[in-house]
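**Student:** One structure, pasted below without further comment.
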Amino acid sequence: MHVTTIIIVEDDSSVNLAVSRLLEAAGFDTRSFTSGGALLDDQHACDADCLVLDVHLPDMNGFDLQRRLAATGFTAPVIVITAHDDAMHRRAARDIGAFAYLTKPFSSLSLVDAVSRAAAAQR
Amino acid sequence: MIGEITASVAHEVTQPLSAILSNVETAELLLSQPQPNVSMVREILADVRQDDLRADSIVRRLRTLLRKRELQLEDVDVNALASSVLSLVLPDAVRRNVLIRTSLDPGLPRATADPVHLQQVLLNLVINAMDSMKNTPVEQRVLEIRTERVAGHHLTVTVLDKGDGFEPAKKDKLFDSFYTTKDEGLGLGLSIARSIVRLHGGAIWAENRQGGGAAFAFTLPFKAP
């Protein structure tokens, strides 16, 4: 049986842990990163079924990270999460073809639903 | 600037709030299972407590920043203060093709006010006024500051624009925290401005202007001569 693996890139350790717990409780496997560089260095990044990506990262913004991942052949759908919702971020999320855009604090249902649909679309 | 401080604080406080919501909903999910993982729920509750305290400390920090200076009341030449705010925003006004006019009452008494806080209020109103005129034809983009003495021991400062005005039904909401009509605003500027004006014993309000645009005015007390 295929285990759905979700990558979480979020620099706030509380949010990272909370999102990871939620998705694990909902039946997904998760792998957490707190910076863009850490994910780029990971050899298995491309194996993920979905990426939950924070916009504000310490070393780069989430949109740049997605572009760099895409250049390495990463094709999994991306769910953008942000604490700072504005027109520019929404546009940037559209530009990278984000599967969903969620503003913190988001309901667990909306994240689990987005991740489930994104992972299903990927398979 | 107040706007920058609040933007940063709002971003920071959203993180623990977001973590709390996810954690609580995860705990609910776990507890709905036939054999709940109680030790995980306990771990979650400890983190919820931590994040709650974290949010509280962020809010306390904002309060400290805003109260950094207790009101230091002095006799303030409001006309001079208005002119200094206008000279601060002049480069921005030129860039936005906004013409600035003043109508300053030469007989205006000095207000009893904290000049730093007062400058923040005026700056906020002036920047809002310029923001409101981004869709106004260039030749009509006029911002005006008026000062005048009113009945009793008060003076009034009014910032007038030729922007979009506001929906009359929303008039009561304009000064509420987190109410904004801007794409990228947080909706705290006018709420903080109102707090500052009230701390001074004044009042602040807004009116739509006949012929378009809005007028934001506030009063300040002055000492009887």
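Each value in this text was obtained by applying a stated rule to the coordinates, not by laboratory testing. These numbers were taken from a predicted model, which means no experiment stands behind them. No Cβ is skipped: glycine too gets one built from the backbone with ideal geometry, and neighbour counts run over all protein chains shown.
**Student:** Based on the alpha-carbon set only, what is the convex hull volume of chain B divided per residue, in Å³?
**Tutor:** Spelled out: Cα convex hull of chain B, divided by residues, is 150 Å³.
**Student:** Moving to a separate point now. Which net charge results for the neighbourhood of A:Ile8, defined as the other residues with beta-carbon distances under 12 angstrom from its beta-carbon, given Lys and Arg at +1 and Asp and Glu at -1?
**Tutor:** After counting each charged neighbour, the total is -4.
**Student:** Distance in nm between label sites at B:Ala169 and B:Asp92, each 7 Å beyond Cα in the beta-carbon direction?
**Tutor:** 3.1
**Student:** With Kirkwood's inverse mean 1/r over C-alpha pairs for Rh, give me the Rg to Rh ratio of the protein assembly as shown, two decimals please.
**Tutor:** 1.09
**Student:** Please give me the summed charge of the neighbours of A:Phe28: other residues whose Cβ is under 14 Å from its Cβ, Lys and Arg +1, Asp and Glu -1.
**Tutor:** Here the charged neighbours net out to -1.
**Student:** Please list the equivalent ellipsoid semi-axes of chain A, computed as the square roots of five times the alpha-carbon gyration tensor eigenvalues, in descending order and whole angstrom.
**Tutor:** 18, 17, 14
**Student:** May I ask which of B:Lys170/B:Lys223; B:Lys134/B:Lys170; B:Lys134/B:Lys173; B:Lys134/B:Lys223 have a Cα-Cα span longer than 32 Å here?
**Tutor:** B:Lys170/B:Lys223; B:Lys134/B:Lys223, as the Cα separations exceed 32 Å there.
**Student:** Something else now. In bins 5 Å wide, starting from 0, what share of all Cα pairs of segment A:46-106 does each bin hold, as a percent?
**Tutor:** Binned Cα distances yield the sequence 4, 19, 34, 26, 13, 4, 0.
**Student:** Pairing the Cα long axis of helix B:2-31 with the longest principal axis of chain B, what angle in degrees results, from 0 to 90 and rounded to the nearest 10?
**Tutor:** Between the helix axis and the principal axis of chain B, the angle is about 20 degrees.
**Student:** As an exercise, identify the trypsin sites (Lys or Arg not before Pro) in segment B:191-225 lying in DSSP coil whose Cβ has no more than 15 other Cβ atoms within 10 Å.
**Tutor:** On the way: sites: B:Arg194, B:Arg198, B:Arg209, B:Lys223; in loops: B:Arg209, B:Lys223.
Passing both the DSSP loop test and the Cβ count: B:Arg209, B:Lys223.
**Student:** Over segment A:50-106, what is the percentage of antiparallel beta bridges among all DSSP beta bridges, to the nearest 5?
**Tutor:** 10
**Student:** Taking the number of other C-beta atoms within 10 Å as the exposure measure, put B:Ser39, B:Ser83, B:Ser191 in order starting with the fewest. Write down the numbers at each step before the final one.
**Tutor:** On the way: B:Ser39 8, B:Ser83 14, B:Ser191 17.
Arranged by neighbour count, lowest to highest, B:Ser39, B:Ser83, B:Ser191 become B:Ser39, B:Ser83, B:Ser191.
**Student:** Right, something else. Helix-only estimate, please: 222 nm mean residue ellipticity of chain B, summing -39500 (n - 2.57) across DSSP H runs of length 4 or more and dividing by its residues, to the nearest 500.
**Tutor:** -16500 deg cm²/dmol
**Student:** Also, I was wondering about something else. Might you report the magnitude of the Cβ-based charge dipole of the protein assembly as shown about its Cα centre, with Lys and Arg at +1 and Asp and Glu at -1, to the nearest 20 debye?
**Tutor:** 1040
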